[in-house]
Amino acid sequence: MTTHDLTDSSVTIPGDSSEEDVRHTSRTYEAVIGVVVALVGGALFVAARNIDLAREGQAFGPRWWPTALAISMVIAGLVLVVQAFTGRIVSDEAAMTRSGGVALTATLLVIVVYGTAWQYLDFRVVTVVLLAALVAIFGGRGIKALLVFPVVTTAVLWVIFGMLLQVPL
């Protein structure tokens, strides 16, 4: 018996999955994610159709943004499904890490707090806090990143939407 005989591919080790099994599982997982994204987009599209309009015939009424988001989600979901079976397999290096999960959770929490706080506080105040928190979560440090960037960005948003477009913020 030679060492070549010991590394024969016909030998199986309990608990060891073949590369083909890993590919199949990864592709299935990616396809399921794409289907879920497309289904959520479809549900959002149906929900957007139920938004009451103050008057018919508006080009950019209250249905526009949710409908655009829903269509984008359906397209993105379908792209994910197609990519799952035709694209490259995600390697272990791209797998989610603990620090990435913490950053994602913190980001979602900050966004929920922002949405809630916006109901009670001024847009300019909560947006500066949101942007500073997001910059801090993703590693921004210093006065420019934590103060100047959020203030300038909020000011630009306020001028465009609040003053020029007269969107009630």
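The values are calculated or read from the model by the stated rules, or taken from the named source; none is laboratory data. Quick caveat, the model's predicted, so the values are computed rather than measured. Heads up, the Cβs are rebuilt from the backbone with ideal geometry, glycines too, and the neighbour counts pull from every protein chain shown. In case anyone asks, the SASA skips ligands and DNA or RNA and just uses the protein heavy atoms, side chains included. Shrake-Rupley method; radii C 1.70, N 1.55, O 1.52, S 1.80 Å.
Would you please list the contacts, defined by Cβ atoms under 9 Å and residues six or more apart or on different chains, that run from a residue in the range 146-169 that is within 14 Å of residue 122 (Cα to Cα) to a residue that is open to solvent by 90 Å² or more (accessible area, probe 1.4 Å) and not in a helix (DSSP H, G or I)?
The qualifying pairs are 162/168.
Any residue in the range 97-110 that is over 13 Å from residue 139 (Cα atoms) and open to solvent by 80 Å² or more (accessible area, probe 1.4 Å) sitting within a Cβ distance under 7 Å of a residue that is polar (S, T, N, Q) and not in a helix (DSSP H, G or I)? List the pairs, counting only those 6 or more apart or interchain.
Nothing qualifies.
Looking at this structure, is residue 27 at pLDDT below 80, surrounded by 14 or more Cβ atoms within 10 Å (Cβ to Cβ) and closer than 30 Å to residue 165 by Cβ?
Considered against the rule, which asks whether it is at pLDDT below 80, surrounded by 14 or more Cβ atoms within 10 Å (Cβ to Cβ) and closer than 30 Å to residue 165 by Cβ, residue 27 comes out as no.
Looking only at the range 147-169, which residues are at pLDDT below 90, in contact with a Leu (Cβ under 9 Å, 6 or more places away or on another chain) and among the polar types (S, T, N, Q)?
none
Tell me yes or no: at least one residue of the range 135-146 is within 28 Å of residue 61 (Cα to Cα), modelled with pLDDT of 90 or more and open to solvent by less than 50 Å² (accessible area, probe 1.4 Å).
To start, the set of residues in the range 135-146 that are within 28 Å of residue 61 (Cα to Cα) comprises none.
No; the residues of the range 135-146 include none that is within 28 Å of residue 61 (Cα to Cα), modelled with pLDDT of 90 or more and open to solvent by less than 50 Å² (accessible area, probe 1.4 Å).
Inspect the range 54-72 for any residue being outside any loop (DSSP other than H, G, I, E, B), farther than 30 Å from residue 167 by Cβ, open to solvent by 60 Å² or more (accessible area, probe 1.4 Å) and at pLDDT 85 or above and give the result as yes or no. Walk me through how you get there before you give the answer.
First, the residues of the range 54-72 that are outside any loop (DSSP other than H, G, I, E, B): 64-72.
This time we only want the ones that are farther than 30 Å from residue 167 by Cβ, so: none.
No, there is no match, as no residue in the range 54-72 is outside any loop (DSSP other than H, G, I, E, B), farther than 30 Å from residue 167 by Cβ, open to solvent by 60 Å² or more (accessible area, probe 1.4 Å) and at pLDDT 85 or above.
In the range 111-130, how many residues are in contact with a Phe, Trp or Tyr (Cβ under 8 Å, 6 or more places away or on another chain) and open to solvent by 30 Å² or more (accessible area, probe 1.4 Å)?
Matching residues across the range 111-130 total 2.
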